[in-house]
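So the structure is just underneath, and the comments pick up after that.
The values are calculated or read from the model by the stated rules, or taken from the named source; none is laboratory data. Just so we're clear, the structure is a prediction, and the values are computed from it rather than from any experiment. In this analysis, Cβ positions are derived from the backbone assuming ideal geometry, glycine residues included, and neighbour counts consider all displayed protein chains. Surface accessibility is based on the protein's heavy atoms, side chains included, excluding ligands, DNA and RNA. Shrake-Rupley method; radii C 1.70, N 1.55, O 1.52, S 1.80 Å.
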Amino acid sequence: MKILMVCLGNICRSPLAEGILKDKIQKKGLPWQVDSAGTGSWHTGEKPDKRAIKVARQHGIDISYQRARQIQPADLRNFDLILTMDANNHNHVLQMARQYSADEAKVQMILNYLHPDQNQSVPDPYWNDNGFEPVFQMLDEACEKVVEAHTT
Ligand code: 4NP
């Protein structure tokens, strides 16, 4: 499995999702590849937000090595599954998939693994210092389901 996590800036939610899923697959010995990207390019080359690095570290996960990048058309071919954080990211990636005749079925909202068919969004914690821990928790639960869904 090759999985790409996608949010807007690639400095808060999708780097956390990448770090959390990598931690789980490493512990289970799964030979998966996991990466993340943003629909926007403002933060290209930057480390994750300090608050995201901190909350991950509090849970024993290092995401400080990650660097933000913008999603590219080639990602739509190279990844088996593209997991979006919110409705805006989702529509953006779906539109790209249509434009490049990629398989739209590989684009899924990550919280649908936790709450099927509800199309819930991971709230953007960028403007809320207290939002990072709840975002970590919901991504942790969702990533657990992602592993379950694709290993059983
Ligand atoms: P992310 O959060 O999409 O979870 O990485 C954001 C980071 C930066 C901005 C917006 C959202 N921004 O507007 O700069």
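Just one of the listed residues (84, 39) is under 15 Å from the mean Cα position of the chain (by Cα), of a type in the set (Ser, Thr, Tyr), over 17 Å from residue 2 (Cα atoms) and within 12 Å of the ligand (Cβ to nearest atom), and it is 39.
Condition first: touching a Ser or Thr at 6+ places or on another chain (Cβ under 6 Å), away from the ligand (no atom under 13 Å from the Cβ) and either acidic (Asp, Glu) or under 16 Å from residue 5 (Cβ atoms) (or both). Can you find one or more residues in the range 98-113 that meet it? Yes, that holds for at least one residue. Examine the range 77-90 for a residue that is within 18 Å of residue 33 (Cβ to Cβ), at pLDDT 95 or above and assigned to a helix (DSSP H, G or I), and state whether such a residue exists. There is at least one residue in the range 77-90 that is within 18 Å of residue 33 (Cβ to Cβ), at pLDDT 95 or above and assigned to a helix (DSSP H, G or I).
With respect to being more than 21 Å from residue 104 (Cβ to Cβ), of a type in the set (Lys, Arg) and touching a residue at least 24 places away in the same chain (Cβ under 8 Å), residue 57 falls outside the description.
Residue-by-condition table, conditions (1) surrounded by fewer than 23 Cβ atoms within 10 Å (Cβ to Cβ); (2) polar (S, T, N, Q):
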residue	(1), (2)
35	yes, no
44	yes, yes
57	yes, no
89	no, yes
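Quick one: would you say residue 78 is under 29 Å from residue 99 (Cβ atoms) and crowded, with 24+ Cβ neighbours inside 10 Å? In short, no. Look at the range 67-87: where a residue is farther than 15 Å from residue 12 by Cβ and touching a residue at least 12 places away in the same chain (Cβ under 8 Å) and a partner is assigned to a strand (DSSP E or B) and among the acidic types (Asp, Glu), sitting 6+ places away or on another chain with Cβ atoms under 8 Å, you get 79/35.
If you filter the range 112-152 down to residues that are of a type in the set (Val, Ile, Thr) and in a loop (DSSP other than H, G, I, E, B), you find that the one that is surrounded by the most Cβ atoms within 10 Å (Cβ to Cβ) is 122. Among the residues examined, residue 8 qualifies as closer than 19 Å to residue 136 by Cβ and open to solvent by 40 Å² or more (accessible area, probe 1.4 Å). Condition test on residue 3, is it within 14 Å of the ligand (Cβ to nearest atom) and touching a residue at least 24 places away in the same chain (Cβ under 8 Å)? So residue 3 does not fit the description; no. Scanning the range 59-75 for residues that are in contact with a strand residue (DSSP E or B) (Cβ under 8 Å, 6 or more places away or on another chain), open to solvent by 30 Å² or more (accessible area, probe 1.4 Å) and closer than 25 Å to residue 149 by Cα yields nothing.
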